[in-house]
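Report on one structure; see the data block that follows.
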Amino acid sequence: MFGAECPDTPQVQAPDFEKYKGTSCPKEHLKMYVRKMSTYANDNQVLIHYFQDSLIDAALKWYMNLDCAQIRTFNDLREAFVQQYKFNVDMPRTEVIFRLRLRKTMRHSESMPNGGGTSLPKSAHM
């Protein structure tokens, strides 16, 4: 686990991060993190340690339970993170497809008489 047995990490001024919960694309989160930490691009220790500041909820719990001995470089962490949350990689594309289908359905119903609904017989109108 990350913690006391891992080497000390120098204090740095880490930027504020959008927190990753584990419900969106991990690759997009990594891009954001790497951009914000570009000053420390060559310091694996700093990149690994401060990655926890970009996580929350289940994702933070996952990070805290990682075996320090297996994560030697930021690339190791990156691969483990993407592997853990790979089911979210296609999430945005899936959501876009859903929204496009919803719009198509709505346009189709709007083009139908009475907005796609059924009309009442004249005797039902008062």
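The values are calculated or read from the model by the stated rules, or taken from the named source; none is laboratory data. The structure displayed is predicted, hence computed values, not measured ones. Here the Cβ positions follow ideal geometry from the backbone for every residue, glycine too, while neighbour counts run over all protein chains shown.
Within the stretch 66-82, take every residue that is of a type in the set (A, V, I, L, M) and surrounded by fewer than 19 Cβ atoms within 10 Å (Cβ to Cβ) and give me the one that is farthest from F51 (Cα to Cα). Step by step, filter the stretch 66-82, then rank; the result is A69. Close contacts from the stretch 11-29, counting a first residue that is more than 21 Å from N44 (Cα to Cα) and a second that is part of a loop (DSSP other than H, G, I, E, B), with Cβ to Cβ under 7 Å and a gap of 6+ residues or different chains, come to K21/I56; G22/Y85; C25/V89.
Picking from residues in the stretch 1-43 that are in a helix (DSSP H, G or I) and of a type in the set (S, T, Y), the one that is modelled with the highest pLDDT is Y33.
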